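What follows is a set of notes on a single structure, which appears directly below.
A short reminder: the numbers here are calculations on the coordinates, not readings from a lab. These numbers were taken from a predicted model, which means no experiment stands behind them. Positions of Cβ are generated from backbone atoms using ideal geometry, with glycine treated the same way; all protein chains shown enter the neighbour counts.
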Amino acid sequence: MAGLSFQPQAVILDWAGTTVDFGSRAPVQVFIEIFRRRGIQVSEAEARGPMGSAKRDHIAALLALPRIAVEWRAAAGHDPTDDDVQSLYQDFLPLQKETLARCGSDVIPGIPRAIAHLRCQGMKIGSTTGYTRELMEVVAPLAARDGYEPDVIVCSDEVRAGRPAPWMNLEAAKRLGVESMGAVIVVDDTPVGIRAGRNAGAVAVGISQTGNELGLSPESLTVLPQTELNRRLNEAACRLYDAGAELVIRSVAELPEVLLG
């Protein structure tokens, strides 16, 4: 496997689809449900489109889609407003918290071992997420129970703007005590997360198989024909490379091999 040409001081990882929630399925379910309750049908592809953004921004992006805006106008009698975004967001938070507690915080296989290997090489482990601190208070303890506990967690509601802005990555590096973003690798499963890493001046590594770009559970992967899986993985990798990834791997479990050989 082709690797990177340097050993970083720190790795900053996304959460859903990158280190937990194989397939990044928990937020998709909730986005679809909060719109369904308002009489609006949102497809899985539409729900996945803005993934990686702060969740309020994600809702606003969905409401801005022309088809959904038309349906909203028909159902609500007016064009979508910021108050509508806020109302949907208020529906989103408790439902997402419930979903994360039930099924959205499982650590992706191979992650604890990979992180331990990176730490043995002296690397600091940071993390960023489109989830709020309130939601991460659900996710983080469950992930820690399963063996994954980064040194730093920066949430979307703790900075001035979420991805693709660089602020979460810069804040994570600051808390880790890393002075140069050129010594940081940002790992993410979404194009917007890759752009955020590049905007922060870090090297960006994309995740194709466990994340939002493929969007499949481990069970679904086992029944997918290999030729179809390869096709989808290639398409996912292309989207991540187009966003600025220097390298795309299937899972964070492969990261030590990429960095250390």
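To the nearest 10 degrees, how steep is helix 55-64 against the longest Cα principal axis of the chain, on a 0 to 90 scale? Helix 55-64 sits roughly 50 degrees off the main axis of the chain. Taking the fewest neighbouring Cβ atoms within 10 Å as the starting point, the ordered list for Leu233, Leu255 is Leu233, Leu255. Residues Arg239, Arg102 in ascending order of nearby Cβ atoms (within 10 Å, fewest first): Arg102, Arg239.
Using the Karplus relation 6.51 cos²θ - 1.76 cosθ + 1.60 with θ = phi - 60°, the per-residue 3J(HN,Hα) values for the stretch 95-102 come to 5, 5, 4, 4, 5, 5, 5, 8 Hz, with x marking Gly and Pro. Close amide H pairs (under 5 Å, H built 1.01 Å from N) link Lys124 with Ala10, Val11, residues at least 5 positions away or on another chain.
Rounded to the nearest 10 degrees, the inclination of helix 66-76 to the longest alpha-carbon principal axis of the chain is 40 degrees. Rounded to the nearest 500 deg cm²/dmol, what is the calculated helix-only ellipticity per residue at 222 nm for the chain, with -39500 (n - 2.57) per DSSP H run of length n ≥ 4? Theoretical 222 nm ellipticity from helices: -15000 deg cm²/dmol.
Couplings 3J(HN,Hα) of the stretch 196-202, computed from phi: 4, x, 5, 5, 7, x, 9 Hz, in residue order, whole Hz [Karplus 6.51 cos²θ - 1.76 cosθ + 1.60, θ = phi - 60°; x for Gly and Pro].
The C-alpha atoms of the chain define a longest principal axis, and helix 26-36 lies at about 10 degrees to it. Distances between placed amide hydrogens fall under 5 Å for Gly211 paired with Gly23, all partners being 5 or more residues away or on another chain. Simple spin-label estimate for Ser217 and Leu65 gives 2.2 nm between the two label positions (7 Å along the Cα-to-Cβ direction from each Cα). Can you say what percent of the DSSP beta bridges in the chain, counting only those with both residues inside, are antiparallel? Round to 5. Looking only at bridges with both residues in the chain, the antiparallel portion is about 5 percent. Here the residues Phe31, Phe92, ranked from fewest to most Cβ neighbours within 10 Å of their Cβ, fall in the order Phe92, Phe31. Going through (1) 19.5, 59; (2) 17.8, 52; (3) 17.9, 59, the figure that equals Rg and Dmax of the Cα atoms in Å as computed for the structure here is (3).
Per-residue Karplus couplings for the stretch 152-160, computed as 6.51 cos²θ - 1.76 cosθ + 1.60 with θ equal to phi - 60°, are listed in order as 9, 10, 10, 9, 5, 8, 9, 10, 5 Hz, Gly and Pro entered as x.
With 10 Å bins beginning at zero, the pair-distance distribution over Cα atoms of the stretch 26-102 amounts to 20, 60, 19, 2 %.
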